[in-house]
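Q: Below is the structure I would like to discuss, written out as structure tokens.
The values are calculated or read from the model by the stated rules, or taken from the named source; none is laboratory data. None of these values were measured; they are calculated from a predicted model. Neighbour counts run over all protein chains shown; Cβ positions are idealised from the backbone, glycine included.
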Amino acid sequence: MAKSTNNPLQGYLRIPKLYVLLPSGGKFSNIESISDISQELPIYPLTSMDETLLRNPDALLNGESMAKVITSCTGITDAYELTANDVDVILLAVRYATYGNDLEITSTCSECNATLEHTIQIEPLLETISVLEDHYIITLDNDLQCYLKPYTFRDAQKAALSAFRETSELNTLITKEADEMSKLVTFNKSFIAMANLNIEILSNAIIKVIIPETDDSEEITVTDNKHIEEWVLGISKQHADVIIDKLNDINELGIQREVETTCEKCNSTFKTKIEFNPSNFFDLSF
Ligand SMILES: [Zn+2]
């Protein structure tokens, strides 16, 4: 065995291309190296190993590749604890660090419906990064106050994977030669699994619930995750939807996600939403 010595090539590794501030500022995570993300984070370009990882569709789907790439390009060890907003910013910054300022996007003109291919600049978008609030409050019509935080990358990834599985299971089911009853059983099973996961993800995003004071009792603050989960399980669909809508809004914060575009066919100006996902930012020709 060769003795481990200082590698003379150490000084020739890749260097950070830029530094970014993360939307969470480390506020919502249990990451030990919290200082890693509470200040400006160095962003390194992809290595060729990272590019290979991003081309593995299976690993990309369960988040494993993404987590590894984030660690490689930022030094953050537990990427799953980041907020989904942080991951969006990191992805865009890594794209910039690796391939430069230009990003090709496809959009549809809101006036004439033409499909347009155009190039936008990443740098101005990275200048719009903003730090999230400590919490977001929503008051339900029964006066309960919910304190919310953004989805973690872990939960966002779980939800995406579950939605994907759901779709492919349904597709298999529809084409499968089976009697209606066994189809129904399979469908119910996967539907219940998905509903349970949604409750878990929703509960994880609730920091606390405040029950306002009444004539008979003082204000009560519920922070116990088990109690919150039990409550979420039993709330009305309408209340759940109010919370989910707010969480979806929170999910979009932290960086500007729209760019103004001019249609080359009819000259009208409209806003295009940029999809923040690896297949849009990296050339993933499988
Ligand atoms: Zn047009």
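Q: Based on this model, can you work out whether THR221 counts as of a type in the set (Ser, Thr, Tyr) and modelled with pLDDT of 95 or more?
A: Yes.
Q: Here is a further query. Would you mind finding the one in ILE129, ILE120 that is over 20 Å from the mean Cα position of the chain (by Cα), away from the ligand (no atom under 16 Å from the Cβ) and touching a residue at least 24 places away in the same chain (Cβ under 8 Å)?
A: Of ILE129, ILE120, the one residue that is over 20 Å from the mean Cα position of the chain (by Cα), away from the ligand (no atom under 16 Å from the Cβ) and touching a residue at least 24 places away in the same chain (Cβ under 8 Å) is ILE120.
Q: Which residue out of LEU125, LEU91, LEU82 is in the same structural domain as PHE28 (by TED's automatic domain parsing), in contact with a Ser or Thr (Cβ under 9 Å, 6 or more places away or on another chain) and either under 23 Å from ARG55 (Cα atoms) or at pLDDT 95 or above (or both)?
A: Of the residues listed, the single one that is in the same structural domain as PHE28 (by TED's automatic domain parsing), in contact with a Ser or Thr (Cβ under 9 Å, 6 or more places away or on another chain) and either under 23 Å from ARG55 (Cα atoms) or at pLDDT 95 or above (or both) is LEU82.
Q: Another question about this same structure. Tally up the residues in the range 44-62 that are modelled with pLDDT of 85 or more and under 18 Å from the mean Cα position of the chain (by Cα), please.
A: 1
Q: Taking the range 108-127 as the search range and keeping residues that are β-branched (Val, Ile, Thr) and either in a strand (DSSP E or B) or out of contact with any Phe, Trp or Tyr (no Cβ under 9 Å at 6 or more places or on another chain) (or both), which one is nearest to LEU21 (Cα to Cα)?
A: Per the stated criteria, the residue is ILE120.
Q: While we're looking at this one, here's another question. Count, please, the residues in the range 103-117 that happen to be within 22 Å of the chain's Cα centre (by Cα) and either more than 14 Å from GLU264 (Cα to Cα) or exposed (fewer than 13 other Cβ atoms within 10 Å of the Cβ) (or both).
A: 4
Q: Would the range 88-109 turn up any residue that is within 16 Å of the ligand (Cβ to nearest atom), on the phi < 0 side of the Ramachandran plot and touching a Cys at 6+ places or on another chain (Cβ under 7 Å)?
A: Within the range 88-109, one or more residues are within 16 Å of the ligand (Cβ to nearest atom), on the phi < 0 side of the Ramachandran plot and touching a Cys at 6+ places or on another chain (Cβ under 7 Å).
Q: Which condition from (1) at pLDDT below 95; (2) part of a strand (DSSP E or B) is the one that TYR147 breaks?
A: (1)
Q: Let me ask something additional. Just name the residue that is nearest to PRO150 (Cα to Cα) out of those in the range 14-43 that are modelled with pLDDT under 85 and surrounded by fewer than 11 Cβ atoms within 10 Å (Cβ to Cβ).
A: Only one residue fits best here, namely ASN30.
Q: Does ALA59 satisfy the condition of being part of a helix (DSSP H, G or I), in contact with a strand residue (DSSP E or B) (Cβ under 7 Å, 6 or more places away or on another chain) and among the small types (Gly, Ala, Ser)?
A: No.
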